[in-house]
Structures are given as C-alpha cells and as structure tokens.
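The structure appears below as structure tokens.
The values are calculated or read from the model by the stated rules, or taken from the named source; none is laboratory data. Predicted model, so just to flag it, every value in this text is computed and none were measured. Don't worry about glycine lacking a Cβ; one is built from the backbone with ideal geometry, like all the others, and counts go over all protein chains shown.
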Amino acid sequence: MTATPAATLSRWRAFLRRRFSREETFGLYLTVGFLSCALLVALFGSLADEVFEVHGQGELDRRVTESVRSLQTPARDALALAVTELGSWRFLVPATLAVAGTLAWKKHRVSALLFAGCVVGGWLLEAVLKISYHRSRPDLWPALVTEKTPSFPSGHSTMSALFFGAAVAVVHHLSDRRAVRIAAAASAAALILAVGFTRIYLGAHWLTDVVAGFLVGLFWVVVCATGMEFFARRSRASPSR
C-alpha cells in the first residue's frame, strides 16, 4: 500500500527528531558527515568539469594569476617560499610522525592511527587525481618554484588541508572546550588559506587547482573524522581514546 504524503512527512519528522535527540547524537554526526562528503564531491566534480571544458586556463584563473603577480616583491617572495613549505613533504613527513607519535604515546591510539591515515590516505588520493587529470602548470610567467607533477589538484593545498584539518578533527575529538575548538579551527583555516595563496603567488598553480585541493583535502578529513568518532565509540570502554 502506497504511503500517503502525510505519513511520509510524519516519518521524516520522526527521523529528524531522533537525529537531533541526545540519544542519537552519533547518528546525527554520521548523517552530517555523509552529507558533507556528498557536497564536497559534487563541488569537486563541478569544478573539474568547468576546468577541463575550457582545456586549460579559464578567464578567472588568468585574471587571478596576473593580479597576484603584481603583488610580488623580494621580501614577499621569501615569505611565500617559507609559508608554502607548510604544504610540502619536507614539513609534513616529520610533522605527521611527530603528531601521530605523540598521540600514541599519550594513549590516544585511535586518534593517532586515524590522523596518520588521514594524511597518508589523502596524499594517495591526491596523487591518483593528479595522474587522472594531468593538467599543465601555469605558463603566463616563469614560476618562482620548479614543479614536475601535474597541476590539478594542488598538492600543497590538498596536503595542508589534510594535515591541519586532521589536527582540528583530533582537537574536536579530544577536547570539549569551545574556545579550544574555535581557536584550532580558525588557526587551521588561516594556515590552509595562506598555503593555497602562496601556490598562486609563486606561479605554481591556478586558482582552480588550489580550490580543488582544498575540496579533496576537506573531503578526506571528513571521512577520517567520521571514522575516528566511530572507532572511538566502539572503544569507549578503553582508556586509549
């Protein structure tokens, strides 16, 4: 028997009430995580379609790159080269090992495993996407850095979003203090945006490469953060949270 519109609406209301109840907090968390992942995938797919429909640089990419170049000075060049290292393997490898090792040493084994998995898994995802899309680097002017890998998505932008986003997820997982959570999120957002800007400033990427990197990184962080909460709840009786 086909359900009436009123009955269907009633079921949806009951579902939402359960999701927003204290008893169903985890269900709400999973629902939000799923919807966030779906939105990020849709945005990335739309961006990729737009980028490769023009077969290279778009008007927005060109304008942004030319505008950013006008900001270059020797002092700013040096600062950009320093900041961009926050998205490079030279920083991320030892930093990831240090964070994951510290978490494990502090008996937060689930957080340690999923933090490392977030960074490593996200790097593999970004590498596959680079090979799949194989977009050329910007060529409007000689870049201030030499890169040999494809341009889309930006690896530095992806990795900074992965590392600092995963750090925020761990803070939210381990601390209930709102001020700490807000400070962590704000600091991470500032660093991620700064790294992304340097990739355009240095001539290594188009704007769309950077935005795509952010989307990929955030997608994988949401996946891992949801997994972190799932495994933490399963091991709630254990002190190794």
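Is it the case that region 114-130 has a residue that's closer than 19 Å to G203 by Cα, free of Cβ contacts under 8 Å to residues at least 40 places away in the same chain and in contact with a His (Cβ under 8 Å, 6 or more places away or on another chain)?
no
In region 109-142, how many are over 19 Å from V210 (Cβ atoms), modelled with pLDDT of 85 or more and surrounded by 20 or more Cβ atoms within 10 Å (Cβ to Cβ)?
Residues that pass the stated criteria total 3.
Among the residues of region 175-194, is there at least one that is modelled with pLDDT of 95 or more and buried (at least 23 other Cβ atoms within 10 Å of the Cβ)?
Yes, because at least one residue in region 175-194 is modelled with pLDDT of 95 or more and buried (at least 23 other Cβ atoms within 10 Å of the Cβ).
Which residue is surrounded by the most Cβ atoms within 10 Å (Cβ to Cβ), if the candidates are limited to region 143-153 and must be of a type outside the set (F, W, Y) and touching a residue at least 60 places away in the same chain (Cβ under 8 Å)?
Filtering first and then ranking leaves P153.
Looking at region 63-97, which of its residues are among the hydrophobic types (A, V, I, L, M, F, W, C), loosely packed, with under 15 Cβ neighbours inside 10 Å and farther than 22 Å from F164 by Cβ?
L71, A75, A78 - these are the residues of region 63-97 that are among the hydrophobic types (A, V, I, L, M, F, W, C), loosely packed, with under 15 Cβ neighbours inside 10 Å and farther than 22 Å from F164 by Cβ.
Take residues that are charged (D, E, K, R) and tell me which of the helices (runs of 4 or more DSSP H) falling wholly in region 70-140 contain 2 or more.
Qualifying helices (runs of 4 or more DSSP H): 74-83, 109-133.
Does region 24-51 hold any residues that are at pLDDT 65 or above and surrounded by 13 or more Cβ atoms within 10 Å (Cβ to Cβ), and which are they?
S36, C37, L39, L40, V41, L43, F44, L47, A48, V51
Restricting the search to region 170-228, which residues are polar (S, T, N, Q), more than 10 Å from S154 (Cα to Cα) and in contact (Cβ under 8 Å) with a residue 60 or more places away in the chain?
T198, T226
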